[in-house]
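What follows is one structure encoded as structure tokens, with my remarks underneath.
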Amino acid sequence: MQIEFDNYSISPTQEKDAWRMCDFVVSNEERLKNYFPKTLEQNLNPTLSQLFVSKMVKKSIAREEFLFVIKENTNRTIIGFIYVKELDKEKKIGELAYCMGYQYEGKRIMTASIKNLVPWCFDDAKLQTLQIIVHNSNIGSKKVAENNGFQWKQTLLEEHTTGDGEVLDMELYELHNPALQS
């Protein structure tokens, strides 16, 4: 599966993405350390990235968790990623967690990526509710959620621990499958 838009594409991570994932993570280390510390520590060198990508491919095949990479089509560089995680198969809820490379921030690429991935989440992953959990200070991520129709639901107290050990309250946004709204 590959979703194309503008000069970008979204696809499930594959074994061949390991080197590019390592490059992306290392060049965006500062962005990842607080909100994706586990992804960061699992991709600090090519060997670790190979293990990480292999693990994510297996999770995807088992439909436990999905990692999509966003690539710039001209040179196939990974410029961002989106997790579809925390899947509750009974309640049909999943969380979207994402990161865009610093060079591509503010260009609405993540907004377009989420817009293009939402139908897959509802139709193929069979989810009924999508969640995005963001820190209140992350204005860009809040805009991505709001621009894709996600509604603020509540503040989640002490929801996230950063890579530095700081415990943060986070904001919960949700989007319900419009096909179920009738």
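Readers should treat all values here as calculations from the given coordinates under stated rules, not as data from a laboratory. Remember, predicted model here, so these are calculated numbers, not experimental data. Here Cβ is always computed from backbone atoms with ideal geometry, including for glycine, and neighbour counts include all displayed protein chains.
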Checklist entry - Among Thr39, Thr77, which comes first, then next, by fewest other beta-carbon atoms within 10 Å? => result Thr77, Thr39
Checklist entry - Which of Asp17, Asp169 comes first, and how do the rest follow, when ranked by fewest Cβ neighbours within 10 Å? => result Asp169, Asp17
Item to check | Rounded if a/c under 1.5, otherwise prolate or oblate - segment 75-158, Cα gyration tensor axes | outcome: oblate
Next on the checklist: Filter Lys33/Lys107; Lys91/Lys153; Lys33/Lys126; Lys55/Lys107 down to the pairs with a C-alpha to C-alpha distance above 20 Å, please.
Outcome noted: Lys33/Lys107; Lys33/Lys126; Lys55/Lys107
Checklist entry - Counting other Cβ atoms within 10 Å of each Cβ, which trypsin sites (Lys or Arg not before Pro) in segment 97-155 have at most 16 and sit in a DSSP loop? => result Lys107, Arg108, Lys126
Checklist entry - Which ordering of Asp164, Asp6 is given by a fewest-first count of other beta-carbon atoms within 10 Å? => result Asp164, Asp6
Checklist entry - Calculated from DSSP H runs of 4 or more alone, at -39500 (n - 2.57) each and per residue, what is the 222 nm mean residue ellipticity of the chain, nearest 500? => result -10000 deg cm²/dmol
Checklist outcome for this item: Sorting Phe36, Val84, Trp120 by the position of each Cα along the dipole of the chain (Lys, Arg +1; Asp, Glu -1; all at Cβ), the one nearest the positive end of that ordering is Trp120
Checklist entry - In terms of the ratio Rg/(2.2 N^0.38 Å) built on C-alpha atoms, what value belongs to the chain? => result 0.98
Item to check | Loop sites in segment 108-182: GluC sites (Glu not before Pro), DSSP, at most 13 other Cβ within 10 Å | outcome: Glu166
Next on the checklist: So if I take the centroid of the Cα atoms in segment 31-52 and the same for segment 88-139, what is the distance between those two points in Å?
Outcome noted: 20 Å
